[in-house]
Amino acid sequence: MTADLMLNLRPATIEDVALVAALETAVTPDDPRDPELLAFWWKHAPGAEKSARWMAEREGAAIMYVSGTHGELKEGARFGGVRVRIHPDLWSEQAVLDGIERAEGWLRTEGVETAFVRIREDLEQDIRVLTEAGYREVRRSRVWHLDLVRGRDRLLATAAKTRGEMKRQGVRLLTLDHDEDPDKLRKLYSLDLEASEDVPKTVPWPVPSFEEWSRQMLEHPAHREDRIWIAREGEAIVGTSFLGYPPRVGIPWTSFTATARNVRGRGIARALKHETVAQAIALGISRVHTDNDAENAPILHLNHEMGYEPVAPVLELHRRLDV
């Protein structure tokens with residue numbers, strides 16, 4: 001590793017999660033990383049996901065973190081993720097290159113053909129190094145913040161209006177804890193899978209079993225049944241939207257918004273999203289954020305309509321490892 005930093009990477013374990021979360025926060029202080037959430041994802045990786053993680057520390061603090069991650073490797077879809085984080089006070093181009101090399105080396109041994117990095121556009125130094133290493137932008141995700149203090153009256157008024165529209169359509173809006181249907185989780189699972197198929201993507205998303213999905217949904221430390229909003233029409237669950245609330249530190253974000261294909265265009269997603277922000281306002285939250293693929297035109301339009309303001313997007317950069 002880089003001699004002037006005297007870095008000594010070692011395997012990172014679950015005991016290191018608080019150190020890694022603090023390092024992530026140092027890199028993007030406007031978007032702090034909650035250690036409890038990070039620990040959950042390290043413990044409960046979706047599907048066939050595998051990861052290798054390393055870190056270096058100095059005086060009890062993490063100064064560098066590197067990881068390689070991949071899901072199920074299929075013909076034509078052998079993707080693996082690379083993540084390199086270096087403390088801003090110790091950042092160097094060579095350290096980034098060394099981190100990339102470490103992660104890519106592990107991914108190659110796993111049979112990955114294309115490495116990808118998801119990174120905020122304003123981390124310009126890192127993106128420059130990645131570009132020089134051969135990474136190129138393939139997709140981007142729009143990230144938005146919504147000021148609930150400034151927009152309070154407008155958002156609550158629209159929530160009341162859309163609630164009335166749903167009632168006239170015969171659509172019930174309620175939180176999951178108030179739904180008495182014994183099959184509600186199975187129905188919500190089916191809706192999730194259907195909607196996830198329609199999200200624009202290049203790297204395939206893992207398709208969880210019902211058991212995996214239930215754990216990721218209900219055991220997730222940022223999720224609560226009384227904050228998961230659903231839309232019902234008759235016996236069917238036709239929509240959902242909910243915010244994730246970090247248990248320790250961070251900004252609440254939209255975990256998921258979805259409607260069934262056969263009800264799209266009726267304003268159900270709009271009504272559900274307004275219920276989530278009205279609830280956040282009642283809880284005293286000052287702002288929330290969301291992110292969506294840049295090709296997802298309907299949800300981007302809805303975000304703009306609600307008053308979300310764009311911040312630095314997240315780029316997805318790819319590099320072939322098998323050429």
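The values are calculated or read from the model by the stated rules, or taken from the named source; none is laboratory data. The shown structure was predicted, so the numbers you read here are calculated from the model rather than taken from an experiment. No Cβ is skipped: glycine too gets one built from the backbone with ideal geometry, and neighbour counts run over all protein chains shown. Only protein heavy atoms, including side chains, enter the accessible area calculation; ligands, DNA and RNA are left aside. Shrake-Rupley method; radii C 1.70, N 1.55, O 1.52, S 1.80 Å.
Below are the figures for this structure:
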{"read-out": "Hey, GLU194 open to solvent by 50 Å² or more (accessible area, probe 1.4 Å), under 30 Å from GLY76 (Cα atoms), in contact (Cβ under 8 Å) with a residue 24 or more places away in the chain and part of a helix (DSSP H, G or I) or not", "value": "yes"}
{"read-out": "Filtered residues of segment 278-300 (kept if more than 18 Å from the chain's Cα centre (by Cα) and touching a residue at least 40 places away in the same chain (Cβ under 8 Å))", "value": "ALA278, GLN279, ALA280, ILE281, ILE285, SER286"}
{"read-out": "Residues (free of Cβ contacts under 8 Å to residues at least 60 places away in the same chain, open to solvent by less than 40 Å² (accessible area, probe 1.4 Å) and farther than 18 Å from SER241 by Cα) located in segment 197-227", "value": "PHE210"}
{"read-out": "ALA160, sole failed condition from (1) open to solvent by less than 60 Å² (accessible area, probe 1.4 Å); (2) assigned to a loop (DSSP other than H, G, I, E, B)", "value": "(2)"}
{"read-out": "Criterion: over 29 Å from ASN303 (Cβ atoms) and either aromatic (Phe, Trp, Tyr) or surrounded by fewer than 14 Cβ atoms within 10 Å (Cβ to Cβ) (or both) - qualifying residue of THR109, THR114", "value": "THR109"}
{"read-out": "Single unsatisfied condition, ALA39 versus (1) within 27 Å of THR290 (Cα to Cα); (2) in contact with a Leu (Cβ under 9 Å, 6 or more places away or on another chain)", "value": "(2)"}
{"read-out": "Test result for LEU19, in a helix (DSSP H, G or I), farther than 17 Å from ARG319 by Cβ, open to solvent by 30 Å² or more (accessible area, probe 1.4 Å) and touching a residue at least 40 places away in the same chain (Cβ under 8 Å)", "value": "yes"}
{"read-out": "Residues located in segment 250-281, provided they are open to solvent by 30 Å² or more (accessible area, probe 1.4 Å), at pLDDT 95 or above and touching a His at 6+ places or on another chain (Cβ under 9 Å)", "value": "TRP253"}
{"read-out": "Matching residues in segment 75-101 - criterion: being outside any helix (DSSP H, G or I), touching a residue at least 24 places away in the same chain (Cβ under 8 Å) and either in contact with a Pro (Cβ under 8 Å, 6 or more places away or on another chain) or surrounded by fewer than 21 Cβ atoms within 10 Å (Cβ to Cβ) (or both)", "value": "ALA77, ARG78, PHE79, GLY81, ARG83, HIS87, TRP91, SER92"}
{"read-out": "Counted residues, segment 282-293 - those being on the phi > 0 side of the Ramachandran plot and buried (at least 21 other Cβ atoms within 10 Å of the Cβ)", "value": "0"}
{"read-out": "Subset of segment 137-193 [hydroxyl-bearing (Ser, Thr, Tyr) and more than 24 Å from ILE285 (Cβ to Cβ)]", "value": "TYR189, SER190"}
{"read-out": "Residue satisfying condition, being in a helix (DSSP H, G or I), touching a residue at least 24 places away in the same chain (Cβ under 8 Å) and among the charged types (D, E, K, R), within set GLU104, GLU57, GLU72, GLU137", "value": "GLU104"}
{"read-out": "Any helices (runs of 4 or more DSSP H) falling wholly within segment 208-323 and containing at least 1 residues that are β-branched (Val, Ile, Thr)", "value": "268-282, 297-306"}
{"read-out": "Options ALA52, ALA62, ALA18, ALA39: the member that is within 22 Å of ARG108 (Cβ to Cβ) and small (Gly, Ala, Ser)", "value": "ALA52"}
{"read-out": "Selected residue (only one of ALA62, ALA52 is touching a helix residue (DSSP H, G or I) at 6+ places or on another chain (Cβ under 8 Å), open to solvent by 10 Å² or more (accessible area, probe 1.4 Å) and touching a residue at least 40 places away in the same chain (Cβ under 8 Å))", "value": "ALA52"}
